[in-house]
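J.: One structure, as structure tokens, below. Some questions next.
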Amino acid sequence: MSTARRNAKHCSLKCTQTASAARNIVSIRLRTRLGQSLRKAQKLGNHGSVPFSVVDWLDLAEGLGYRCTYCGRVTEPENLHMDHIVPLHPSSGGPHALHNITPACSGCNSSKKHRPILIAWAPPLLGGKPRWDKSAPRGKKGNPWLPTDWRDADGPVDSVLQAARLHPELLRAIQVSEEFYSKKNLSPAELTSLQCLASGFAPIDEAL
């Protein structure tokens, strides 16, 4: 047996590759997610999609203290989700680009799904029902609970924006969302269609 073989940490090339993958599993998963999201956006024809790297995402998450944009919970980096502020879903057509990405915990990301912020879904930091709060009113699917007084014909009401200013990343997410939908110049029927994504929503006084 050669000296190199005797001093080897692993018995074969396959074992070496397996060990390397185990050490870099988080990075591999992130690269896979980025690739899947980019391919989905391209397949749907979502304009404005720009590839970005795992390093770009990690820098963004680290800069925000690994905090969920929507509920403020600090999450382990490997468990933090990349949420598309404007969903990739055909109903919205958001781009896969770094400016449209924000950190979210698994609960908020699963709860939001493809619902637009403050149109068909409300963040827990602004009074929306957290996914883990079993006492608050909930609809048939996740967190489709949006009080009708959170926005008017001109967009989010002033009190909502003032509350969001305490959470800069949430305010940025709202601004990205509102700018995107304002450029689409939605008709009342289209806006109503988006609001209908919040199946089972109810005003506060009716839900309590």
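The values are calculated or read from the model by the stated rules, or taken from the named source; none is laboratory data. The structure displayed is predicted, hence computed values, not measured ones. Side chains included, ligands, DNA and RNA excluded: accessible areas come from the protein's heavy atoms. Shrake-Rupley method; radii C 1.70, N 1.55, O 1.52, S 1.80 Å.
J.: R39 accessible area, nearest 10 Å², 1.4 Å probe?
T.: Counting only protein heavy atoms, R39 exposes about 150 Å² to solvent.
J.: My understanding is that a pair violates if its Cα-Cα distance is over 28 Å; which of K113/K184; K40/K184; K14/K113 do that in this structure?
T.: K14/K113
J.: Under a 1.4 Å probe, what is the accessible area of segment 30-138 per residue, stated in Å²?
T.: Using a 1.4 Å probe on heavy atoms only, each residue of segment 30-138 averages 45 Å².
J.: Enter the accessible area of L166 (Å², nearest 10), with the probe set to 1.4 Å and all protein chains included.
T.: 140
J.: With a 1.4 Å probe and all protein chains in place, put R172, R29 in order of accessible area, largest first.
T.: R29, R172
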